[in-house]
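The values are calculated or read from the model by the stated rules, or taken from the named source; none is laboratory data. As the structure is a computational prediction, the values presented were derived from the model and not from experiment. For the accessible areas, the whole protein counts, side chains as well, though only heavy atoms, and no ligand, DNA or RNA atoms are used. Shrake-Rupley method; radii C 1.70, N 1.55, O 1.52, S 1.80 Å.
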Amino acid sequence: MMKQSQSVVEATVSVLGDEFRPGTPILTYITKEQTTQVVDLVTDSIMEGLTEFSDQARAKYDDRKKVRSYVVGMVNNWFRKGKELNGGTTYI
């Protein structure tokens with residue numbers, strides 16, 4: 001099972017393909033449409049049980065719409081905090 005951070009990174013790289021620029025903060029060039037695709041991929045991964053999601057979280061986010069709303073924030077968080085996606089800087 002994949003960690004949530006890994007799921008976001010893999011979905012981002014998958015969506016961007018050749019446009020992915022390691023070392024450049026993702027928020028400086030990813031489009032809204034691409035971000036939506038990343039959110040959808042990570043949501044699918046959680047729904048399919050491929051990405052970690054605690055039993056407590058599953059109880060709170062008990063349908064796809066609720067999981068997707070959680071994933072929107074999670075993706076934004078990892079775009080800012082994940083060194084693979086934020087240009088390698090430590091988030092402050």
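Points to keep in mind about this one:
- Only Cα pairs under 8 Å and 6+ residues apart enter the sum, and on that basis the relative contact order of the chain stands at 42 percent.
- Accessible-area composition of segment 1-60, carbon plus sulfur, in percent [1.4 Å probe]: 51
- Contour minus Cα-Cα distance for LYS60 and TYR91 (0.36 nm per residue): 8.4 nm
- With the helix formula -39500 (n - 2.57) applied to DSSP H stretches of n ≥ 4, the chain reaches a computed 222 nm mean residue ellipticity of -18500 deg cm²/dmol.
- Using the Karplus relation 6.51 cos²θ - 1.76 cosθ + 1.60 with θ = phi - 60°, the per-residue 3J(HN,Hα) values for segment 74-88 come to 5, 5, 4, 4, 6, 4, 7, 9, x, 4, 5, 10, 9, x, x Hz, with x marking Gly and Pro.
- Straightening the chain between ASP40 and LYS83 buys 13.3 nm, computed as 0.36 nm per residue apart minus the Cα-Cα spacing.
- A 1.4 Å probe run over the chain, with the rest of the protein chains in place, finds 62 Å² accessible per residue.
- Springs join every pair of Cα atoms under 10 Å in this Gaussian network model of the chain, and among VAL75, VAL15, VAL38 the largest mean-square fluctuation is at VAL15.
- Expressed as a whole percent, the proportion of Cα-Cα pairs in the chain lying more than 18 Å apart is 40%.
- Amide hydrogen neighbours beyond the local backbone of ASN86, cut-off 5 Å, H modeled: ILE26
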